[in-house]
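*Asks:* Sending over a structure as structure tokens; questions will come in a sec.
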Amino acid sequence: MIQIIRGIHNIKHINFNSVITIGKFDGIHLGHQKLLTQVYQISQKYKLLSIVILFEPQPLEFLKKKDIPMRIMKFRDKVKWISSYNIDTILCIRFNQSFKSLNAKEFIINILINKLNVKYIVIGDDFKFGCKRNGNINLLKEMGQQYQFNIIIIRSLYTHLGKISSTNIRIALSKNNIKLATNLLGRPVSITGKVIHGDQIARTLDFPTANVRINEKHLLSNGVYAVKIKYSIKKYCLGISNIGIKPTFIKNKQNTRLLEVHLFNKNIDLYGKYIEIFIYKKIRDEKIFSSQTELKNQIYQDIIKVKEYFKI
């Protein structure tokens, strides 16, 4: 099981030499996956401790305050995906004013060398770090020669549509281009959350749903989607999902954003469970209906479209 160390002050003396990668890893896209695979392979080849260094909050969240890029992935999900690469340890460093002031050389010596016994650092070809991002690949190479650690540089990945990056995934999702985001991620776009009790409105329409709260600023726009739900280990079900505030009904006075999902051919009690919803295609935008009958008829049409998409 992966070890999570929260904060530099919680690092105990590590007797093993280590291989390390550093970054935000938001989304764990194909480029991140290449880094993680390389870290694991080096750790196995040279019998090293594999470590991923993350930051909370993410640097831009601390530095910008306004117009902060929306996260693709929750921290909980990031840990899950990193764990799937058999990484030994995640070091989660608190990004604050003190850490912001740490220059690149201090970071290398005080943390990577003195605390983590680094022997290999695996980084992307655009990697920069330290106060005012004054640390770069050349500095790492220079200090690697001095302190006897190796630098492995992973080239950025590109598709015919551009660079594989968290930024481009956010842009794709903001434009409802789920297919492109999926290609950049190397897997379907997904949302995870705990199923909560709703207002039972969908049940009165003969379409019971599981409800998950979604961030008000989540990159996916409001509307109806074709989805697949993972509700247990290796247990999946197809369904239809609505993201939005249910504008047809006035009970949602706070305009709380919800993800509702209706499962096809399944009657499962999901209350209190964490589920993962894989997003495949947007069917339509959210809209207001003049009556429950009109809404119900639209849901029937939406379900037909989703089932046609999944060929069921």
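The values are calculated or read from the model by the stated rules, or taken from the named source; none is laboratory data. Being a predicted model, the structure only gives us computed values, none of them experimental. So basically every Cβ, Gly included, is an ideal-geometry build from the backbone, and we count neighbours across all protein chains shown.
*Asks:* Which residue out of Asn86, Asn103, Asn110 is touching a Cys at 6+ places or on another chain (Cβ under 6 Å), surrounded by fewer than 16 Cβ atoms within 10 Å (Cβ to Cβ), not β-branched (Val, Ile, Thr) and not assigned by TED's automatic domain parsing to the domain that holds Ile277?
*Replies:* Exactly one of Asn86, Asn103, Asn110 is touching a Cys at 6+ places or on another chain (Cβ under 6 Å), surrounded by fewer than 16 Cβ atoms within 10 Å (Cβ to Cβ), not β-branched (Val, Ile, Thr) and not assigned by TED's automatic domain parsing to the domain that holds Ile277, namely Asn103.
*Asks:* Quick one: which of Arg133, Arg76, Arg94, Arg71 is of a type in the set (Lys, Arg), in contact (Cβ under 8 Å) with a residue 24 or more places away in the chain and surrounded by fewer than 13 Cβ atoms within 10 Å (Cβ to Cβ)?
*Replies:* Going through Arg133, Arg76, Arg94, Arg71 in turn, the sole match is Arg76.
*Asks:* Quick check on region 94-120: of everything there that is hydrophobic (A, V, I, L, M, F, W, C) and over 12 Å from Ile20 (Cβ atoms), which residue is farthest from the chain's Cα centre (by Cα)?
*Replies:* Looking at residues that are hydrophobic (A, V, I, L, M, F, W, C) and over 12 Å from Ile20 (Cβ atoms), I get Ile109.
*Asks:* Now for a different question. Quick check on my filter: what residues within region 97-122 are in contact (Cβ under 8 Å) with a residue 40 or more places away in the chain and touching a strand residue (DSSP E or B) at 6+ places or on another chain (Cβ under 6 Å)?
*Replies:* Within region 97-122, Leu112, Leu116, Asn117, Val118, Tyr120, Ile121, Val122 qualify.
*Asks:* How many residues, within region 16-51, are of a type outside the set (Asp, Glu) and touching a helix residue (DSSP H, G or I) at 6+ places or on another chain (Cβ under 6 Å)?
*Replies:* Of the residues in region 16-51, 7 are of a type outside the set (Asp, Glu) and touching a helix residue (DSSP H, G or I) at 6+ places or on another chain (Cβ under 6 Å).
*Asks:* Of all the strands (runs of 3 or more DSSP E) wholly in region 111-208, which have at least 1 residues that are of a type in the set (D, E, K, R) and closer than 30 Å to Gln44 by Cα?
*Replies:* Result: 118-124.
*Asks:* Could you list, in sequence order, the residues of region 78-110 that are closer than 22 Å to Gln145 by Cβ, touching a Phe, Trp or Tyr at 6+ places or on another chain (Cβ under 9 Å) and not β-branched (Val, Ile, Thr)?
*Replies:* Residues satisfying the conditions are Ala104, Phe107.
*Asks:* Got a sec? Which of Ile42, Ile28, Ile51 is more than 15 Å from the chain's Cα centre (by Cα), surrounded by 14 or more Cβ atoms within 10 Å (Cβ to Cβ) and not in a helix (DSSP H, G or I)? Break it down into steps so the answer makes sense when it comes.
*Replies:* Details: Ile42 fails: not in a helix (DSSP H, G or I); Ile28 fails: more than 15 Å from the chain's Cα centre (by Cα).
Ile51 is the lone residue from the list that is more than 15 Å from the chain's Cα centre (by Cα), surrounded by 14 or more Cβ atoms within 10 Å (Cβ to Cβ) and not in a helix (DSSP H, G or I).
*Asks:* Can you name the residue in region 174-231 that is at pLDDT below 85 and of a type in the set (D, E, K, R) and is also farthest from Ile245 (Cα to Cα) among such residues?
*Replies:* Asp206
*Asks:* Would you tally the residues in region 56-68 being surrounded by 15 or more Cβ atoms within 10 Å (Cβ to Cβ) and assigned to a loop (DSSP other than H, G, I, E, B)?
*Replies:* Residues meeting the conditions: 1.
*Asks:* On the basis of being among the small types (Gly, Ala, Ser), out of contact with any strand residue (DSSP E or B) (no Cβ under 8 Å at 6 or more places or on another chain) and within 29 Å of Asn10 (Cα to Cα), does Ser174 make the cut? Even if it seems obvious, please write down each step before you answer.
*Replies:* Values: among the small types (Gly, Ala, Ser): yes; out of contact with any strand residue (DSSP E or B) (no Cβ under 8 Å at 6 or more places or on another chain): yes; within 29 Å of Asn10 (Cα to Cα): no.
Judged against the criteria, Ser174 is not a match.
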